[in-house]
1. What are the trypsin sites (Lys or Arg not before Pro) within the range 1-49 that DSSP puts in a loop, where the Cβ has at most 15 other Cβ atoms within 10 Å?
2. Between Ile26 and Leu85, what length in nm is gained on full extension when 0.36 nm per residue of separation is reduced by their alpha carbon distance?
3. How many percent of the accessible area of the chain is carbon or sulfur, using a 1.4 Å probe?
4. Nearest 10 degrees is fine. How inclined is helix 277-293 to the longest principal axis of the chain, computing both from alpha carbons?
5. Full extension from Glu102 to Lys4: what is 0.36 nm times the residue separation minus their Cα-Cα distance, to one decimal in nm?
6. Taking the solvent-accessible surface of protein heavy atoms with a 1.4 Å probe, what is the per residue accessible area of the range 12-170 in Å²?
7. Using a 7 Å offset from Cα along Cα-Cβ at Glu231, what residues in the range 158-197 end up with backbone N under 13 Å from the label point?
8. Ordered by residue, what ³J(HN,Hα) values in Hz, to whole numbers, does the range 100-113 give under the Karplus form 6.51 cos²θ - 1.76 cosθ + 1.60, where θ = phi - 60° and Gly and Pro are x?
Amino acid sequence: MINKKISVKIKTKSRDIGGELERIIISAGGFRLHTPESRERPDLFILELSEKFDEEFKLLQSLVASGEVGEAFVTSDKKDSDLLLKAMRAGTKEFLSLPLDELEVKAALESLKKRMEQTVAVREPVHAGQIINVIGAKGGVGTTTVAVNLAMILAEKKKAGSVALVDLNTVFGEIPLFLSIKSSYHWGEIAKNVGRLDSTFLENALPKHPSGVQILSSPSYLNGHPPVTPEIMDRLLTTMRRTYDYTIVDGGQSLASPALKAIEMADRVFLITLLSLPCLRNTNNLLKSLASVGVAQTDQVRLVINRFMKKADITIKEAEESLHNKIFWSIPNDYKTTMSAINRGKPLHEISPRADITKNLEALADSVLQGGREVEKKGWFFRR
């Protein structure tokens, strides 16, 4: 239930059209007109399109993305499909044809009211999923392999409920390649449509892998999309927590402000590293950096050794002494099986269900299901 009237800002070329909109809005009940002197954000902005509609669509997209307006409607006497498509891509919710149809306008206003009521209801703590952020000490340590397979195992093998997989490498991410899928919806679209972001939007927009995992990929090229900001990241992950039981983030190696926000919001962070001096040095620096900016608690970060070999030059104990931290998990080295899975675009449990690395990652998924606690398993490859 919305406790106050919904504010509507109107901008039209014609006074007659503006006056007609004002009359319909007031008569609809539950709405009020936004005054020019008001500093309050309007819940709805209705714009009559001019001949410069391309510039106006850019303005609307910016207003909605920045949150300066709640939603946007447009009205025009032109009704061609190209204009309708541009309006939709700009983030507008309704296209009102001229001359105005009072029933059509009131139906659009009623739909807005219902969406706002649903948003208020979503704010209630009815669902609180977990966010697991998988980050790397440096490039090439296997962050995407761990994130992808963890998400697939949770959804397909463990039947853990709804699972989403987010590629935080906001340009040139590889998740679609790892799963042999084509994704038309990516980070650029989220940045453009942040004003529309809710559970229904995500469930309808994000493509679904046959395993049931819904995937937010990154753009495959630089194409002028609005940048991802910490505010957008906060809104996205908050919505995903309310929508999915588990959200697995492939955090890559970035320490930009949106990536730091994702680390801060995660229930657990799996920091992937290798038993090599460069990786351990980077890991140490990364842990110090996260502590210095206060985005991660000590018990929030779990150190994971990837490509572990029992006869490595550096032992687990030596790594722990160097890092002044316990190693939470070690994943066995199996280059052949891993590369076969990547090249075939399939998760490891489909390529080699009995392989040590597959069983290891299934046990890691069990630890996620048990709140991050260690899982007692037989075999050198599950812990240390």
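The values are calculated or read from the model by the stated rules, or taken from the named source; none is laboratory data. All of these numbers come straight from a predicted model, not from anything done at the bench. Don't worry about glycine lacking a Cβ; one is built from the backbone with ideal geometry, like all the others, and counts go over all protein chains shown. Calculation scope for accessible area: heavy atoms of the full protein, side chains included, ligands and nucleic acids excluded. Shrake-Rupley method; radii C 1.70, N 1.55, O 1.52, S 1.80 Å.
1. Here the trypsin sites (Lys or Arg not before Pro) that fit, given the DSSP loop and packing criteria, are Lys4, Lys5, Lys13, Arg39.
2. Between Ile26 and Leu85, full extension yields 18.3 nm more.
3. Percent of accessible area from carbon and sulfur atoms in the chain: 50.
4. 40
5. Full extension of this stretch gives 33.0 nm more.
6. Details: 7670 Å² over 159 residues.
That works out to 48 Å² per residue.
7. What the label zone holds, given the 13 Å backbone N cut-off, is 194-195.
8. Here the 3J(HN,Hα) series is 5, 9, 4, 5, 5, 5, 5, 5, 5, 5, 5, 5, 4, 4 Hz.
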